1. Are there any pairs with C-beta distances below 8 angstrom linking a residue in the range 211-238 that is free of Cβ contacts under 8 Å to residues at least 12 places away in the same chain and within 27 Å of S105 (Cβ to Cβ) to a residue that is hydrophobic (A, V, I, L, M, F, W, C) and not in a helix (DSSP H, G or I), with the two at least 6 apart or on different chains, and if so which?
2. Between a residue in the range 173-188 that is closer than 17 Å to F301 by Cβ and any residue that is of a type in the set (D, E) and part of a helix (DSSP H, G or I), which pairs come within a Cβ distance under 6 Å, given they are 6 or more apart or on different chains?
3. Return yes or no: is W279 more than 30 Å from L31 (Cβ to Cβ), at pLDDT below 85 and not basic (K, R)?
4. Only one of W214, W240 is of a type in the set (F, W, Y), under 17 Å from the mean Cα position of the chain (by Cα) and loosely packed, with under 12 Cβ neighbours inside 10 Å; which?
5. Which count do you get for residues in the range 270-317 that are buried (at least 21 other Cβ atoms within 10 Å of the Cβ) and either among the polar types (S, T, N, Q) or at positive phi (or both)?
6. Residues of the range 10-50 being aliphatic (A, V, I, L, M), at pLDDT 70 or above and closer than 16 Å to V305 by Cβ, which ones?
7. Name the residue that is surrounded by the fewest Cβ atoms within 10 Å (Cβ to Cβ), counting only residues in the range 243-269 that are of a type in the set (G, A, S) and on the phi < 0 side of the Ramachandran plot.
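The values are calculated or read from the model by the stated rules, or taken from the named source; none is laboratory data. Everything numeric here is computed off the predicted structure, so don't read it as measured data. Ideal geometry is used to build each Cβ from the backbone, glycine not excepted, and the neighbour counts take in all protein chains shown.
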Amino acid sequence: MAANPPAEQVQPERPGRSGSAVRVVAAGVPLRQRFSDLVANRELLGALIRSEIKVKYKNSALGVAWTMVAPAIQLAIYGVVFGIVFKNGIPDYLIYIASGLLVWSFFSTSLLAGTGVIVGRAGIVKKVSFPREILAIATVGSQSIYLFLQWFVLALFMVVLGHVPDWSAMPLIVAGFATVLLWATALSILFSAINVYFRDTQHLMEIFVQIWFWMTPIVYSFQAQVHERVVGTANEWLSWIYLCNPITPVVLAFQRAIYGQVDVTNTTSHLPYQVLPSWPLLSFYELLGVVFLVGVVLMGFAIRVFSRLEGNFAEEL
């Protein structure tokens, strides 16, 4: 059986008739072979994840503990601003915002770090031959470790406040994390390659992520402050726009499992208040399933684009 061709074969630049440089890049290998190469380099992936964690907290007094301290401070600030100063009236608001904010922080940090990882690791990209998309995957992997540690912060808040999650909805966390992990990895791979050629991508992504945050129901209720206000009106399409945001179903799933309360009494108005959609659990799984399947397609597209652009990384870097 003939061996598969290399992912890219870059020939030395040679002057053309007009004196300009000519680059010849071969077509990429099939996606199946690309994924096989990634699996074969799983030990390298593990080493890169460990390296990222060690380098980030090198010579730090608290070390990895900063992973838990920073989110705790962030949650406290949001809790004071939106729970006390602006008084949105959601009971146990700190738990409500934490259930969505932690998963959002994982996604946004993975996306921003992954977008710049190829440019940031230019030295190793130009000198060593390996599947370069593994750098973006390693970035997402290290953020996954941080997210796991941050759950201890959330668990501590829940114990202090005496809040009990909805244990029957706990599988939503697994499904939601698998979905957001897939999307974070696919987008990181895609934009890490584009950023090599268009360096403004990383800066534009920072702005886009800020807009994306406020378009995701994390600090406010999707049910009470979006859906109920537009349903039956000419702006009902806005509710569907929110659900087309791939992170919205993930955040709603985490809120349903961790916060767990659908109908509450508003602490400000003392009136009944529906915080979360009253959908059956199956509806949450169906939404996550659709988003996951779209993420699978996005992953294939991202790896295909990466393999096509990878050939000239050394020249661009």
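1. From the range 211-238, no pairs qualify.
2. Close Cβ pairs (under 6 Å, with a partner that is of a type in the set (D, E) and part of a helix (DSSP H, G or I)) do not exist here.
3. no
4. Just a single option satisfies the conditions, and that option is W214.
5. 1
6. Residues of the range 10-50 that are aliphatic (A, V, I, L, M), as a first pass: 10, 21-22, 24-27, 29, 31, 38-40, 44-45, 47-49.
Now drop any that are not at pLDDT 70 or above, which leaves 31, 38-40, 44-45, 47-49.
Across the range 10-50, the qualifying residues are L31, L38.
7. Ranking the candidates gives S269 first.
Every residue, every condition in (1) modelled with pLDDT under 90; (2) not hydrophobic (A, V, I, L, M, F, W, C), yes or no:
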| position | (1), (2) |
| --- | --- |
| L101 | no, no |
| V153 | yes, no |
| A178 | no, no |
| Q202 | no, yes |
